[in-house]
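Novice: What follows is a single structure, and I will ask about it in a moment.
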Amino acid sequence: MTRFDGDLERTFAALPPAHGRGFAQTWWGQAWLKALEETALDSQQLKAGRRLARAGAVGAVSVRPGRITAVVQGRDRTAHRADVLLEELTEGQWDRFLDMAVERAGHVAALLDREMPPHLVEDAAARGIELLPGMGDLEPECGCDAWDHCGHTTALCYQMARLLDQDPFVLLLMRGRGERDLLNDLQARSAAPAIARPELSEPAEPEGVDAAEAYATGDILPPLPALPESPAEPGAPPSLDTETPPAPGVEPAALEFLAARTAAEAHRLLSDALRARPEQRIAEAGLTPSQDAVRLAAGSPPADVAERLADGSGRDREGLETAVRAWRLGGVAALAVHDEEWAVEGETLARARAALESAWDEEERPALRARGNRWTVVGGPGQLRLGRDGRWWPYREKRGRWVPAGGPARDPATALAAARSATEE
């Protein structure tokens, strides 16, 4: 239930507890909470505020220009008056907002439907009007004398997000205009003749630049700026550790891991692009789902995420660990050698045999049994695998599996020595 105290104050009855649901369902309600969570310095106070709001500890909420107020009961049952302040728009900003809203009738229609479409906020921002709060815009005042957001003001903000979901005019009231006044102003401007409002008349044709003149200046323009420096390390994704229960099928730990790996991969690609000359920037071929699962697993995921990646790659847990070892030794090429067994024929076979013949002296050459692109030491734990690029990859036997034992080599003797060294460790 809402009570209007004139057009510049609205009082909302206390909302029931919000057990098992989020505080903001709309994008603008979520933007309000983002401003709160980016402003508050103490994450524990955010959690305390969520608990209070979820338990129904926030009383009736009074909304007026620049301020919201409510009495909030703490966990010890002590009641405190909590206020949150938001700067009002200036008269000039309101004039620009009203002009913008009149120009696009869809803006007014959306507001009357209790919606705040993104293009309304974007159009307002283009004219220097920030409707939604940003970081640091929500200023707290509380009877508990906290200097930053406390559990009481945080609870009020979470409750406010629920009110904003229901009616975005509440935000406009905080910015300085009540619903009735705002609609009256819009109606008056819509009815005003265009001659009285030159700012809404058809804009004059902009002065152009002669194309030949613009083209001729190409040789005297300054050079392009140097490429930016690569960041020292990938950015850290935000934490998803909140008290709001995730939607069915959503695993916060898995999302956090994917976000971290995406940031790391983006950092690697950017660093490679900045180091390479333009002609060297050739995009890598896309990975298969199985290969991508191995790539992600190389980022040391949590155990439950690793289980899912093993399933996604078509391997068991131990098989995934072996594939990850191959990936770390040589990426896609090493994983292909690990997974693929192919027939070596024709000129490729002749070159492979010549390399094996010349790698050792006659008396030192090991007995090798060939199958496809794999040469296994007879009676020993070593194996050589030939990649399609002509390089030899060392493998060793471990618990009945062939495991990568090192990076590639052009010389099969060097590769086999790496396999034997790994076996002896």
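The values are calculated or read from the model by the stated rules, or taken from the named source; none is laboratory data. Fair warning: this is a prediction, and the values are worked out from it, not measured in the lab. Backbone-built Cβ (ideal geometry, glycine too); neighbour counts: all protein chains shown. The accessibility values were calculated without ligands, DNA or RNA, using every heavy atom of the protein model including side chains. Shrake-Rupley method; radii C 1.70, N 1.55, O 1.52, S 1.80 Å.
Novice: At 1.4 Å probe size, with the rest of the protein present, what percent of the exposed accessible area of segment 290-425 is carbon and sulfur atoms?
Specialist: 45 percent
Novice: On to the next question. May I ask you to derive the relative contact order of the chain, considering only C-alpha pairs under 8 Å and at least 6 residues apart, and to give it as an integer percent?
Specialist: 12 percent
Novice: At 7 Å along the Cα-to-beta-carbon direction for both Ala266 and Ser358, put a label point, then send me their distance in nm to one decimal.
Specialist: Label-label distance for Ala266 and Ser358, simple model: 4.9 nm.
Novice: So, in nm, how far is label Ala253 from label Trp27 when the simple model puts each one 7 Å beyond its Cα toward the Cβ?
Specialist: Result: 3.2 nm between the two label points.
Novice: Taking the highest mean first, how do the peptides 383-393, 229-239 order by number of other beta carbon atoms within 10 angstrom per residue? List each step's numbers first, then the result.
Specialist: Values: 383-393: 20.2, 229-239: 11.0.
The peptides rank, most packed first, as 383-393, 229-239.
Novice: Moving on. Order Val250, Val344 by their accessible area, 1.4 angstrom probe, all chains in place, largest first.
Specialist: Per-residue accessible area, sorted high to low, gives Val250, Val344.
Novice: Follow-up question, since we're still on this one. How much solvent-accessible surface does His107 expose, in Å² to the nearest 10, with a 1.4 Å probe and all protein chains in place?
Specialist: Here the residue's solvent-accessible area equals roughly 0 Å².
Novice: Let me ask another. What list of ³J(HN,Hα) values in whole Hz, one per residue of segment 44-52 in order, does the Karplus curve 6.51 cos²θ - 1.76 cosθ + 1.60 (θ = phi - 60°) give from phi, with Gly and Pro shown as x?
Specialist: Rounded to whole hertz, the list is 5, 5, 4, 5, 5, x, 4, 5, 5.
Novice: Here's another thing I want to ask about it. Show me 134-140, 413-419 ranked by packing, highest mean number of other Cβ atoms within 10 Å first.
Specialist: 413-419, 134-140
Novice: Using a 1.4 angstrom probe and counting only protein chains, how large is the accessible area of Trp342 in Å², to 10?
Specialist: 40 Å²
Novice: Okay, moving on. With labels modelled as points extended 7 Å from the Cα through the Cβ direction, what inter-label distance (nm, one decimal) is found for Ala60 paired with Arg77?
Specialist: Once both label points are built, they end up 2.3 nm from each other.
Novice: Note the listed values (1) 0.96; (2) 1.18; (3) 1.07, then indicate which one is Rg/Rh (Cα atoms, Kirkwood Rh) calculated from this particular structure.
Specialist: Derived directly from the coordinates: (2).
Novice: Mind checking the full-extension length gain between Leu274 and Asp411? Use 0.36 nm per residue of separation minus the Cα-Cα distance, one decimal, nm.
Specialist: Roughly 46.0 nm would be gained on extension.
Novice: Based on the Cα gyration tensor of segment 12-117, what are the three equivalent ellipsoid semi-axes, each the root of five times an eigenvalue, rounded to whole Å and given largest first?
Specialist: Each semi-axis is the square root of five times an eigenvalue, giving 31, 16, 14 Å.
Novice: Could you give the accessible area per residue of the chain, probe 1.4 Å, as a whole number in Å²? Write out the running numbers ahead of the final one.
Specialist: Numbers: 23890 Å² over 425 residues.
Accessible area per residue, the chain: 56 Å².
Novice: On to the next question. Considering only protein heavy atoms and a probe of 1.4 Å, how much of the accessible area of segment 73-119 is carbon and sulfur, as a whole percent?
Specialist: Numbers: 1210 of 2600 Å².
Roughly 46 percent, rounded to a whole number.
Novice: What is the calculated FRET efficiency for Asp148 to Lys398, with r their C-beta to C-beta distance and R₀ = 60 Å, to the nearest 0.05?
Specialist: 0.60
Novice: Give me the accessible area of Asp185, 1.4 Å probe, in Å² rounded to the nearest 10.
Specialist: 50 Å²
Novice: If you don't mind, another one. Cα convex hull of segment 72-152: mean projected area in nm², to one decimal?
Specialist: 7.2 nm²
Novice: Please report the Cα spread of segment 286-425 along all three principal axes, rounded to whole Å, starting with the longest.
Specialist: 52, 33, 20
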